[in-house]
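Below is one structure; the comments refer to it alone.
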Amino acid sequence: MDKYPSRLLENAVNEFSKLPGIGRKSALRLVLHLLRQDQEQVSAFGNSLIQLRTEIKHCKICHNISDTEICNICSNTSRNTSVICVVENIRDVMSIENTQQYNGLYHVLGGIISPMDGIGPSDLEIGSLIERIQEGEIIEVILALSTTMEGDTTNFYIYRKLKDFEVKISTLARGVSIGDELEYTDEITLGRSLVNRVPYENSTGK
């Protein structure tokens with residue numbers, strides 16, 4: 001067990017080491033870096049985290065992270081409101097937006113079906129997606145989930161739920177390699193996969 005000269009230092013290291021990918025050595029390096037900063041800088045850093053946690057919202061329409069009740073994508077009148085791109089999380093929204101190849105709306109599921117992790121359809125925002133389709137203004141749903149087994153399972157589940165609606169269901173072209181997660185796919189490849197998307201039925205043979 002590491003010996004720390006200060007309980008306050010140890011407590012800070014303990015908190016930082018709870019972050020994903022941060023071991024105790026990295027946590028100590030980050031804490032010592034903060035100790036070298038001005039009091040104002042450290043206060044601004046801490047306050048930004050507190051404000052993030054207490055004031056962040058999720059869009060009432062698409063469940064994207066937002067500063068307001070309705071996010072700036074859903075409220076943007078220049079977006080194509082007849083197309084919804086279904087993604088796993090906020091990182092995927094950011095990845096697709098960075099391609100500048102998509103101008104429709106999004107629906108953030110908040111995860112993917114993963115029985116091993118105890119995540120089922122009822123744990124995701126699938127019901128609210130169906131409600132959006134039932135309103136009758138959507139003509140296409142793009143399933144843009146990771147090409148993993150869990151992503152494909154979720155795609156198929158959503159397809160089964162939506163196939164009786166009068167809506168086109170498409171998925172990314174296989175420029176995104178099998179097993180890839182969207183956030184690690186380069187922007188050009190992801191952009192081409194969006195532009196060249198295919199009907200869902202054609203992607204599976206089901």
Within the bounds of the range 90-110, is there any residue that is at positive phi and in contact (Cβ under 8 Å) with a residue 60 or more places away in the chain? yes
Output for Cβ contacts, cut-off 6 Å, separation at least six or different chains, first residue closer than 19 Å to G118 by Cβ in the range 142-164, second among the charged types (D, E, K, R) and surrounded by fewer than 20 Cβ atoms within 10 Å (Cβ to Cβ), reads S146/E181
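Just checking, does the range 44-56 include any residue being small (G, A, S) and either surrounded by 14 or more Cβ atoms within 10 Å (Cβ to Cβ) or in the same structural domain as L162 (by TED's automatic domain parsing) (or both)? Walk me through how you get there before you give the answer.
Step one: of the range 44-56, the residues small (G, A, S) are 44, 46, 48.
Keeping just the survivors that are either surrounded by 14 or more Cβ atoms within 10 Å (Cβ to Cβ) or in the same structural domain as L162 (by TED's automatic domain parsing) (or both) gives none.
Taking every residue of the range 44-56 in turn, none turns out to be small (G, A, S) and either surrounded by 14 or more Cβ atoms within 10 Å (Cβ to Cβ) or in the same structural domain as L162 (by TED's automatic domain parsing) (or both).
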Sole exception among (1) of a type outside the set (D, E); (2) more than 23 Å from T148 (Cα to Cα); (3) modelled with pLDDT of 95 or more for Q100, by number: (3)
P20 being free of Cβ contacts under 8 Å to residues at least 60 places away in the same chain, more than 26 Å from the chain's Cα centre (by Cα) and in a loop (DSSP other than H, G, I, E, B): no
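The values are calculated or read from the model by the stated rules, or taken from the named source; none is laboratory data. Since we're looking at a predicted model, the values are computed, not measured. As a convention, Cβ positions derive from the backbone with ideal geometry for all residues, glycine included, and neighbour counts pool all protein chains shown.
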